Amino acid sequence: MRSGGMDRSGLGFRALKIGADARWAAGARWAGGALLDALLPPQCLTCDVPVGAPGQFCAACFRRTQFVTEPCCSCCGLPFAAPGQGGISGRCSDCRAEPPPWTAARAALLYDEQARRILMPFKYGDRVETARALAPHMARAGAALLREADWLVPVPLHRWRLLGRRYNQSALLAQALARLTGRPMVLDGLRRVRATVSLGALSRRDRRAEVAGAFVVRASRALQLADARVLLIDDVLTTGATAGACARALLAGGVARVDVLSAARVPGHGAA
Ligand SMILES: [Zn+2]
Ligand SMILES: [Zn+2]
């Protein structure tokens, strides 16, 4: 772990403090887990089959998990059915029609039922240890982007939502990736300036309107991020509305290039 590159100040640190309850609960679970491990083997991430180490899939669940692989859209990472589907640009039709503000987006998993079994307890059920399990898969999918990134920056939660949920799952993913790859991160590089409604039921157009202008670069981080190459870390890329709003905010704040790395990607949407 390269702690020298870690950001440990500002709101990121306060956010971590707010997440103390969650970490305490997770710590207790880990401590409990350590105790139980002496008696019971660890369980698969998504079922109760015993596995070799915590955070692993059993063989059946691993087979069931769909990883995003090439060929895919060079811009949004949408999987292609066949090589060459993106034509000369390598882009899907949505990205050709309306290029997203980021340069390249990649995801580890296809967001299907199996990915939901992994991500819903992570997002809403205090299963914070899932971040460590997902990080190697994200590192594989985003290897080229991680190599070139100056800073990993997570999609922020609004502080009210952070209080309710106690941790930001995207920040946990960024931390796990930073630990695994040694890339530096700025946990509080972006600030969510207003709360947004849940995007789940909204159309693509409404999603984009809902998150437009919801993010800004934190003033105290502007100099640090200026002219840098930022890798935005998110849990699920759906239509790309949230990641797009974050990318626009980063670029408006002086960042040179934004790429996106998410744990999962909804396969039926192009990004807009
Ligand atoms: Zn399993
Ligand atoms: Zn695309």
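The values are calculated or read from the model by the stated rules, or taken from the named source; none is laboratory data. Everything quoted here is computed from the prediction, not taken from an experiment. Every residue, glycine as well, gets a Cβ built from its backbone with ideal geometry; the counts of neighbours run over all protein chains shown. The area values use the complete protein model at the heavy-atom level, side chains included, leaving out ligands, DNA and RNA. Shrake-Rupley method; radii C 1.70, N 1.55, O 1.52, S 1.80 Å.
If we scan segment 190-200, do we find a residue that is assigned to a strand (DSSP E or B) and under 24 Å from Cys92 (Cβ atoms)? So that I can check it myself, show each step before the final result.
Residues of segment 190-200 assigned to a strand (DSSP E or B): 190-192.
Checking the rest, the ones that are also under 24 Å from Cys92 (Cβ atoms) come to none.
Scanning segment 190-200 turns up no residue that is assigned to a strand (DSSP E or B) and under 24 Å from Cys92 (Cβ atoms).
Residues that are under 15 Å from Trp151 (Cβ atoms), surrounded by fewer than 24 Cβ atoms within 10 Å (Cβ to Cβ) and within 14 Å of ligand 2 (Cβ to nearest atom) within segment 226-272 comprise just one, Asp259. On inspection, Ala139 does not qualify as closer than 30 Å to Gly164 by Cα, open to solvent by less than 10 Å² (accessible area, probe 1.4 Å), in contact (Cβ under 8 Å) with a residue 12 or more places away in the chain and away from ligand 1 (no atom under 16 Å from the Cβ). Between Arg117, Arg63, the distinction of being among the charged types (D, E, K, R), open to solvent by 60 Å² or more (accessible area, probe 1.4 Å) and in contact with a Ser or Thr (Cβ under 6 Å, 6 or more places away or on another chain) belongs to Arg117 only. Restricting the first member to segment 78-103 and to residues that are farther than 16 Å from Thr242 by Cα, and the second to residues that are of a type in the set (Val, Ile, Thr) and more than 8 Å from ligand 2 (Cβ to nearest atom), the beta-carbon pairs closer than 7 Å and six or more apart or on different chains are Pro79/Val68.
Whether any residue in segment 77-98 is farther than 28 Å from Ala228 by Cβ, assigned to a helix (DSSP H, G or I), within 16 Å of ligand 1 (Cβ to nearest atom) and out of contact with any helix residue (DSSP H, G or I) (no Cβ under 8 Å at 6 or more places or on another chain) is what I want to check. Among the residues of segment 77-98, not one is farther than 28 Å from Ala228 by Cβ, assigned to a helix (DSSP H, G or I), within 16 Å of ligand 1 (Cβ to nearest atom) and out of contact with any helix residue (DSSP H, G or I) (no Cβ under 8 Å at 6 or more places or on another chain), which makes the answer no.
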